[in-house]
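Asker: A single structure is presented below for examination.
The values are calculated or read from the model by the stated rules, or taken from the named source; none is laboratory data. Remember, predicted model here, so these are calculated numbers, not experimental data. Just the protein is used for accessible areas: all its heavy atoms, side chains included, with ligands, DNA and RNA removed. Shrake-Rupley method; radii C 1.70, N 1.55, O 1.52, S 1.80 Å.
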Amino acid sequence: MDKNKSEIRTCDLDIAIRESEGQEKESRTIYGTAIVFNAESEVLDDFGFKFREIIKPEAAQMAFLNTQDIKMNLLHERKDTIGRSRMGRGNLRYSVDGKGVNFEIDVPKCDIGDRALEMVRSGVYTGCSFEFISEDYEVEERGANKEVRITHKRFKAIKAFTLGMDPAYNL
């Protein structure tokens, strides 16, 4: 694991659109969980190196998140950015609980925003990924087959959350 290289992980979590109460127009707020704590990932493959990983809660606490410039993208495409939180301000909001980092985004009225809403409503996008650079982690070999498990204890940066598919983590 290169401490200067961005990594991407996907969570299979129920992302959904916040329903509007007592309003005639459809909601444009998507919410879900971007990072799952203390859950072992499915097997990940990084150019032939297979491993599992765990994200510890201390890796992504509010004080740290509020120092980041986090984008919300579609399928890891920076050109398809629908939101942003710069140092805790923007249309992308997040909170931390015992399970992980949750997000809520007010989707802009534009072609990319409309596409994001439709893909979530139709069930095509069912998860959320995050892009990060790790700063402090432990590597452990387990069992007879020497399965590798990486435990992330601190991130150097969290660059993006992404609406998408193909999960590595489950709640």
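Asker: What accessible area per residue comes out for the range 23-100, rounded to a whole number of Å², with a 1.4 Å probe?
Answerer: Numbers: 4310 Å² over 78 residues.
In whole numbers, the range 23-100 has 55 Å² accessible per residue.
Asker: Quick one: with all protein chains in place, what share of the accessible area of the range 99-171 is carbon or sulfur, to the nearest percent (1.4 Å probe)? List each step's numbers first, then the result.
Answerer: Details: 1620 of 3490 Å².
The computed percentage sits at 47.
Asker: Amide H to amide H, which residues 5 or more places from Glu53 or on other chains are under 5 Å from it, using H placed in the peptide plane?
Answerer: The list, which skips near neighbours in sequence, is Ser41, Ile150.
Asker: Using 0.36 nm per residue of separation minus the Cα-Cα distance, give me the extension gain between Arg78 and Asn38 in nm, one decimal. Present the calculation step by step, with values, prior to reporting the outcome.
Answerer: Working: separation 40, 0.36 × 40 = 14.40 nm, distance 2.80 nm.
Length difference between fully extended and current span is 11.6 nm.
Asker: Could you state, as a whole-number percent, how many of the C-alpha pairs of the range 53-138 are farther apart than 14 Å? Display every interim value, and only then the final one.
Answerer: On the way: 2489 of 3655 pairs.
Across the range 53-138, Cα pairs with separations above 14 Å total 68 percent.
Asker: Enumerate the amide H contacts of Asn91 below 5 Å, restricted to partners 5 or more residues apart or on another chain; note that Pro and chain-start residues carry no placed amide H.
Answerer: When sequence neighbours closer than 5 places are left aside, the close amide H contacts are Arg84.
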